[in-house]
Ligand code: KIV
Ligand code: ZN
């Protein structure tokens, strides 16, 4: 192995699966193992064969089907565990036994072994494992809280007994980057035979430093990173595979180390692990979170549209994503709205865009995310009609007992007028109020409500068709409040009727919709 090569050891199926609630079925484990193998992970820790029949079966099957990765099983420091582990991995093209024991004062106290007794146990178990398999990994659990002299002593014993990889676990996520690097450096300097084996780093994320600690250990001389997809693992999880691999890829200038991982497969496996483990990925998770390649603020969207490198250090395609997303929301600016409209096939003049932008901001203030369909609905409502009637205020009271009431203020040809009306339901009372303020003989031919987008904050688009003396006028409006959308659509249709009264002959259709493609 060249000096700049870093092995990726994935333990999603062992440490990851061990985290409470993340249990996977047999078939799911095989599927994840296949994906890991396919993406170029060097070593897959497939499980803990002594733990259960299920674990044994999964490790054995993964060992048999793996095409390129080394398949590893975990075993405590006793012969029974090690034999069972060997039984499970032995059919792999490249098998490995990983055996461990807790070496810090707190962990030595559990089996109640003296330092010498533990040293003897390490010698015996590693030798036993090495007699079965020539690829042995040994871990002093809680290494980062183990006295340095004792750590050096037991690492030397394990190497002499035949370990080919020494893993230095930060079992409780206690170390920090500088210390993580120094610890590996110290072991390389002090332990005889250390340059003959590979040092691995296995970091937990209790203080949020797992990725930084793993990379620091590499700077200190480690050449194997243990990690999991999405950072799954005990408590706060492990180093996330996607983070270390992408950090090495993007910052090769200061971390000149190579992995064999095909990074374009990252998103697919991240999604699959999230689904099968039931552990959803947080939106702002590095590399694989929903927002990792999403830009909402106006300045960022504008920059992205001009040159993606202004706000992106990786290309979405590098991790297997089709494209960055520029979700429209309240922080988006005109440039993003114009780009979105262009994508949707709308070509608006500047004054139309300005008008639409005001309505878009108003909507975005009330909705978390503005979807394409919301924009289409807004554009559809953007054509201008001279407004004889304008909605100024509406308050509707609904309930299970008593009539529904509406307090409405309309501006009618420049003058505010208010009324209180009742009706059979909130929409009926609001429509009655409109009729009281602007008496007319138009008949309501159609009243339709559509939820344009998902969620309880979805916009409702309301269509209202009125008929008066053979003239038909259709009005539309969208709002997150269905009654408000209804009244606006009603008023929109009335405004069109008023225009038609003066400009057209009876029977001519008037539509308040102007979608470019409709
Ligand atoms: O965190 C840890 O110490 C482990 C060992 C079994 C390597 O997972
Ligand atoms: Zn662990």
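The values are calculated or read from the model by the stated rules, or taken from the named source; none is laboratory data. Note that the structure is a prediction, hence the values are computed from the model and not measured. Cβ: placed from backbone, ideal geometry, glycine included. Neighbour counts: every protein chain shown.
At-a-glance table
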read-out	value
The listed residue being touching a residue at least 12 places away in the same chain (Cβ under 8 Å), in contact with a helix residue (DSSP H, G or I) (Cβ under 7 Å, 6 or more places away or on another chain) and either more than 21 Å from residue 497 (Cβ to Cβ) or not assigned by TED's automatic domain parsing to the domain that holds residue 495 (or both), out of 422, 461	422
Any chance residue 50 is under 15 Å from residue 89 (Cβ atoms) and over 28 Å from the mean Cα position of the chain (by Cα)	yes
Residue within the range 125-145 that is within 18 Å of residue 203 (Cβ to Cβ), out of contact with any strand residue (DSSP E or B) (no Cβ under 8 Å at 6 or more places or on another chain) and assigned by TED's automatic domain parsing to the domain that holds residue 14 present	yes
Close pairs (7 angstrom Cβ cut-off, 6 or more residues apart or separate chains): not assigned by TED's automatic domain parsing to the domain that holds residue 254 in the range 206-229, away from ligand 2 (no atom under 16 Å from the Cβ) anywhere	none
Identity of the residue in the range 340-360, at pLDDT below 85 and touching a helix residue (DSSP H, G or I) at 6+ places or on another chain (Cβ under 9 Å), that ends up nearest to residue 301 (Cα to Cα)	340
Which numbered condition residue 441 fails, given (1) crowded, with 21+ Cβ neighbours inside 10 Å; (2) modelled with pLDDT of 85 or more; (3) not in a strand (DSSP E or B)	(1)
Some residue of the range 262-283 being without any contact (Cβ under 8 Å) to a residue 60 or more places away in the chain, touching a helix residue (DSSP H, G or I) at 6+ places or on another chain (Cβ under 6 Å) and surrounded by fewer than 16 Cβ atoms within 10 Å (Cβ to Cβ)	yes
Leading residue by the ranking (farthest from the chain's Cα centre (by Cα)) among those in the range 452-474 that are at pLDDT 80 or above and crowded, with 20+ Cβ neighbours inside 10 Å	466
